[in-house]
Amino acid sequence: MTNDIKIVCPEDCGNSPKKEILKQVTIAFAANDTDIIDRMFADNAVWEIVGDKTIDGKNDMIASMKNNNTAELHIANIITHGKTGAVNGTVINKDGKRIAFCEIYNFSSAGKKAKIKETRSYFINL
């Protein structure tokens with residue numbers, strides 16, 4: 001599903017299980033890959049898009065994903081500690097529009113197989 005999206009990510013972004021999960025989730029949001037979102041998020045997950053809306057529940061989250069025109073995804077950092085994590089970077093759409101993003105994640109526990117229970121997204125048009 002990501003064949004037509006250029007993905008740039010530092011190599012160390014996948015050196016821990018939670019970093020790899022957050023890398024996959026970030027790519028899934030850019031590519032509208034609802035299968036990965038379905039696997040990685042808890043059923044009662046909450047997604048707050050700061051300044052826009054809050055989406056309650058994984059099914060509503062998946063339903064709200066729109067077919068976008070992402071051309072490039074540049075992940076700058078993936079940081080994890082315990083049951084929290086953050087990803088920041090830039091998305092470039094096929095029309096050249098650039099959006100900086102930062103997403104903060106809270107997992108249900110610090111365990112390797114924990115599901116994501118909360119996401120808070122910040123977007124800035126550049």
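The values are calculated or read from the model by the stated rules, or taken from the named source; none is laboratory data. Just so we're clear, the structure is a prediction, and the values are computed from it rather than from any experiment. FYI the Cβ positions are ideal-geometry reconstructions off the backbone, even for glycines, and counts take in every protein chain you see.
State yes or no: is Ala114 farther than 22 Å from Ala45 by Cβ, buried (at least 16 other Cβ atoms within 10 Å of the Cβ) and either in contact with a Lys or Arg (Cβ under 7 Å, 6 or more places away or on another chain) or modelled with pLDDT of 95 or more (or both)? No.
Checked against the criteria, Thr80 does not count as of a type in the set (Ser, Thr, Tyr), touching a residue at least 24 places away in the same chain (Cβ under 8 Å), surrounded by 15 or more Cβ atoms within 10 Å (Cβ to Cβ) and within 21 Å of Ile5 (Cβ to Cβ).
Contact map, region 16-30: first residue closer than 17 Å to Lys117 by Cβ and touching a residue at least 12 places away in the same chain (Cβ under 8 Å), second residue outside any helix (DSSP H, G or I) and of a type in the set (S, T, N, Q), Cβ cut-off under 6 Å, separation 6 or more or different chains; pairs are Lys18/Thr80.
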